[in-house]
Amino acid sequence: MATVLRHLLWRIKPDPDRQAPLRYVQCRDCEERSPIEASQAEGDLWSMDHAGKTSHTKYREFAASDLVAERVRGPR
């Protein structure tokens, strides 16, 4: 009995049924973070408010988007 191996090609792309990316901002000085929101503006407002209250100046934004993997048809 012979064994046949096939290499399949895949690609990752945005999910067509995706929702808006979810985002939050985390303070790099104290690690407090904003609520998770779909709007970048909400994270920006939280950062400015936090900076005003604490004088912290370093932040990191995290964003998550929905993706799908699909098989690429045909030879490469």
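Within region 26-42, restricting attention to residues that are hydrophobic (A, V, I, L, M, F, W, C) and open to solvent by 50 Å² or more (accessible area, probe 1.4 Å), the residue that is nearest to H56 (Cα to Cα) is C30.
Quick check on my filter: what residues within region 1-59 are among the acidic types (D, E) and more than 19 Å from the chain's Cα centre (by Cα)?
Narrowing region 1-59 to residues among the acidic types (D, E): 15, 17, 29, 31-32, 37, 42, 44, 49.
Once the filter is applied, which keeps residues that are among the acidic types (D, E) and more than 19 Å from the chain's Cα centre (by Cα), region 1-59 yields D29, D49.
The residues of region 43-59 that are of a type in the set (S, T, Y) and either surrounded by 13 or more Cβ atoms within 10 Å (Cβ to Cβ) or in a strand (DSSP E or B) (or both), listed by number, are S47, Y59. V25 meets each of the listed conditions (1) modelled with pLDDT under 95; (2) in contact with a helix residue (DSSP H, G or I) (Cβ under 6 Å, 6 or more places away or on another chain) apart from (1).
Residues of region 60-69 that are within 30 Å of L8 (Cα to Cα), surrounded by 10 or more Cβ atoms within 10 Å (Cβ to Cβ) and not β-branched (V, I, T): A63, A64, S65, D66, L67. Taking residues in region 41-58 that are free of Cβ contacts under 8 Å to residues at least 60 places away in the same chain, and partners anywhere that are aliphatic (A, V, I, L, M), the pairs with Cβ atoms closer than 8 Å and at least 6 places apart or on different chains are G43/V25; D44/V25; W46/V25; S47/V25; T57/A51.
Regarding R23, is this residue farther than 30 Å from R73 by Cα, open to solvent by 90 Å² or more (accessible area, probe 1.4 Å) and touching a strand residue (DSSP E or B) at 6+ places or on another chain (Cβ under 7 Å)?
Working: farther than 30 Å from R73 by Cα: yes; open to solvent by 90 Å² or more (accessible area, probe 1.4 Å): no; touching a strand residue (DSSP E or B) at 6+ places or on another chain (Cβ under 7 Å): yes.
No, not satisfied.
The values are calculated or read from the model by the stated rules, or taken from the named source; none is laboratory data. Worth saying up front: this structure is predicted, and the values here are computed from it rather than measured. Reconstructed Cβ throughout: ideal geometry from the backbone, glycine too, with neighbour counts over all protein chains shown. Ligands, DNA and RNA are stripped out before the accessible areas are found, and what is left, the full protein with its side chains, is counted by its heavy atoms. Shrake-Rupley method; radii C 1.70, N 1.55, O 1.52, S 1.80 Å.
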